[in-house]
1. Among 65-73, 86-94, what's the highest-first ranking by average C-beta atoms within 10 angstrom per residue?
2. Semi-axes of the range 2-93's equivalent ellipsoid from the Cα gyration tensor, sqrt of 5 times each eigenvalue, largest first, rounded to whole Å?
3. Among the lysines, select those whose C-alpha is under 17 Å from the C-alpha of LYS65, and discard any that sit fewer than 8 residues away in the same chain.
4. When you count, for each residue, the other Cβ atoms within 10 Å and take the mean per peptide, how do 39-48, 2-11, 22-31 rank with the highest first?
5. Give me a comma-separated list of calculated 3J(HN,Hα) values for the range 79-94, in order, Karplus coefficients 6.51, -1.76, 1.60 applied at θ = phi - 60°, integers in Hz, x for any Gly or Pro.
6. Going by how many other Cβ atoms sit within 10 Å of their own, how do GLU59, GLU77 line up, fewest first?
7. I'd like the FRET efficiency for THR45 and SER94, computed as 1/(1 + (r/R0)^6) with the beta carbon distance as r and R0 of 41 Å, rounded to 0.05.
8. In the chain, with Lys and Arg counted as +1 and Asp and Glu as -1 at Cβ, which of these residues, PRO82, TYR49, ASN35, has the Cα nearest the positive end of the dipole, that is, farthest along it?
Amino acid sequence: MAIYIMAMTINPNAKKLHSDLSSQVEISFDVFAENHIKVINLYATLGRYDYLAIFDAPEQSLAFKVASAINAKGILETETWPVIPFEDFTRLLS
C-alpha cells in the first residue's frame with residue numbers, strides 16, 4: 001500500500017448552489033469508502049485548504065480514480081500527493 005495526502009478546497013460555486021454544503025461534503029468523502037480506500041486521518045484546516053485526508057491506496061491508479069471522482073461531484077477540488085515516511089526518504093539519499 002502507498003500513502004497519499006489529499007488536500008481539498010470547497011469549490012466556490014458549490015457554496016452558492018448548496019444550502020446543505022456540509023452534507024454535500026460528506027457525500028464527497030463517501031467516495032473513499034465506495035472505492036475501498038482506508039482513510040487514515042481526515043482533518044478540517046484553517047488556511048489554504050479546507051480538508052486534508054491521509055489515505056492508503058493499493059495502487060496509484062486508484063488514488064487517481066478517487067481524486068477524479070471527488071472532483072467530478074463539483075463540491076471539492078483536490079490536490080493529491082504520494083508521500084513516504086521521512087526515514088525512508090533519508091535512506092534513499094544515503
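1. Packing proxy ranking, top to bottom: 65-73, 86-94.
2. Equivalent ellipsoid of the range 2-93: 26, 15, 10 Å, largest first.
3. Hits, sequence-local ones excluded: LYS38, LYS73.
4. Top of the packing list down: 2-11, 22-31, 39-48.
5. 9, 10, 10, x, 9, 10, x, 4, 4, 5, 5, 5, 5, 5, 7, 6
6. Arranged by neighbour count, lowest to highest, GLU59, GLU77 become GLU59, GLU77.
7. 0.80
8. Checked the options; the winner is TYR49.
Coordinate-derived values only; no laboratory data. Keep in mind the model is a prediction, meaning the values are calculated, not measured. Heads up, the Cβs are rebuilt from the backbone with ideal geometry, glycines too, and the neighbour counts pull from every protein chain shown.
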